[in-house]
1. Determine ³J(HN,Hα), in whole Hz, for all residues of segment 224-235 in sequence, where each value follows from phi through the Karplus function 6.51 cos²θ - 1.76 cosθ + 1.60 and θ = phi - 60°; x replaces Gly and Pro.
2. Counting only other residues whose beta carbon sits under 12 Å from that of I263, what net charge do I get with K and R as +1, D and E as -1?
3. Would you kindly derive the ³J(HN,Hα) couplings of segment 320-325 from the backbone phi angles with the Karplus curve 6.51 cos²θ - 1.76 cosθ + 1.60 (θ = phi - 60°), listing them in order in whole Hz, with x for Gly and Pro?
4. If each Cα of the chain is one equal point scatterer, what is log10 of I(q)/I(0) from the Debye formula at q = 0.06, 0.14 Å⁻¹?
5. Restricting to the chain, compute how many DSSP beta bridges are antiparallel as a %, nearest 5.
6. In percent, what relative contact order does segment 57-202 have, based on Cα pairs under 8 Å that are 6 or more apart in sequence?
7. Using only Cα atoms, tell me the angle between helix 257-266 and the longest principal axis of the chain; keep it within 0 to 90° and round to the nearest 10.
8. Just want to confirm a number: the relative contact order over the chain, from Cα pairs under 8 angstrom separated by 6+ residues, in percent.
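The numbers here are math on the coordinates, done by the rules we state, and not lab data. Being a predicted model, the structure only gives us computed values, none of them experimental. All Cβ positions, glycine included, derive from the backbone under ideal geometry; neighbour counts span all protein chains shown.
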Amino acid sequence: MKDSILVINCGSSSLKFAILANAGKTTLVEGIADRLGSSESSITFKYDGQKNVIALNDGSHKNAVSQIKLWLENHTSIQASLVGIGHRVVHGGEAFTKSVLINQDVINGITDCAKFAPLHNPAHAKGIEVAFELFEGLPQVAVFDTAFHQTLEPEQYLYPIPMSFYRDHHFRKYGFHGTSYRYISQRLAQISIGSDQQGVLVAHLGNGASTCAISHGKSTDTSMGITPLEGLMMGTRSGSIDPSLISFISQAENITADEALDILSKKSGLLGVSEISNDCRTLEEAMMSGDQRAKLALDMFASRTAKHLASVATSLESIDHLVFTGGIGENSSYLRQAICNNLTALNINIDSTLNENAPRGAEQNITATNSKTTVWVIPTNEELMIALDTISLIQH
Ligand code: AMP
């Protein structure tokens, strides 16, 4: 059937891709081009249970997409089934409230938003331009991480700073992980009929982490802000702090405010507190062998996640569901339990046996009998959403 979509997530030094068929349900091939821009770059294809790594001569984004094209030329039935390309785009600002077919205006719009996502948006624009050049005639769609949160009310998205900053510069909360939240909201409505008429909290916990409140299928508040630095403590990001710390850190270390921000982005969070790793799995292993710093970092992560769940919940009429997703949310029974231990005042309780035995990669209800809120583990699937948006837009 002619319904395959190439999904591309193009970063500054990496390009992840997948080809999805059967209305996004089947992944035919997937892979990643790593260390782009360096002499050690390579591209890995995972196909038919095998991994194939190819060195990239010049490490450019164009070379990476050329390799995907070459691979398709050697797999003609997949090539023939390809009908479109879907791109993940981190920042869509206020211009993009939903996914769109890409034309030059859209590329310009993505480039305009680069001031808020300087590492991501220029790379997305480059990936799109290269894909247009190499896959001439194939329609392309942009799917924005911010779009799902464009339903927030001004009282949620405005910062309490002079209004001129919003009017003149569009400084406001945008929120991220929107494609994941949209997937979770739609999937929950399939497995728990009526949830799209209720209040839903979602914790997307991965190396980047955020929370979202969803009412009647629409985002009503989220923890990330103008950039993905706000909100929860993350792998290497501090999340929300007193902004005065930026000035204190830069004075104490004799560095600029931008350098201090870089520390909050890249050397803080789980890594900064544990002084071991940003990786939850590594920290859980360290904690099991008695490392108190690892335990402190994980318990801080749990406490701050619970706080941000409670915070976004204030935009809901009721908390009917809580969903855990993302690498940590889907896999760490320790953190799910620790987070919910901080939410008992909200009558959110999980069953420890169901939680500990939740099968990897599966959807699971882990609610305790005395909980007012139904608690779920649902693996996210952003690629599926990108493929479905692409199919729907190119059919119109
Ligand atoms: P993501 O950014 O969504 O890919 O999530 C990455 C995070 O998920 C890392 O901190 C991993 O350590 C964590 N993670 C993945 N698998 C597990 C696991 N089995 N137990 C605990 N954490 C995990």
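1. For segment 224-235, the Karplus curve yields 7, x, 5, 9, x, 8, 7, x, 5, 5, 10, x Hz.
2. Numbers: positive: R237, K266, K267; negative: E253, D258, E259, D262.
Here the count lands on -1.
3. 7, 9, 10, 10, 9, 8
4. -0.24, -1.36
5. Values: 41 of 60 bridges.
Percent antiparallel among DSSP bridges in the chain is about 70.
6. On the way: 167 pairs, mean separation 36.0, N = 146.
25 percent.
7. The helix 257-266 is inclined about 90 degrees to the chain.
8. On the way: 841 pairs, mean separation 56.2, N = 396.
That works out to 14 percent.
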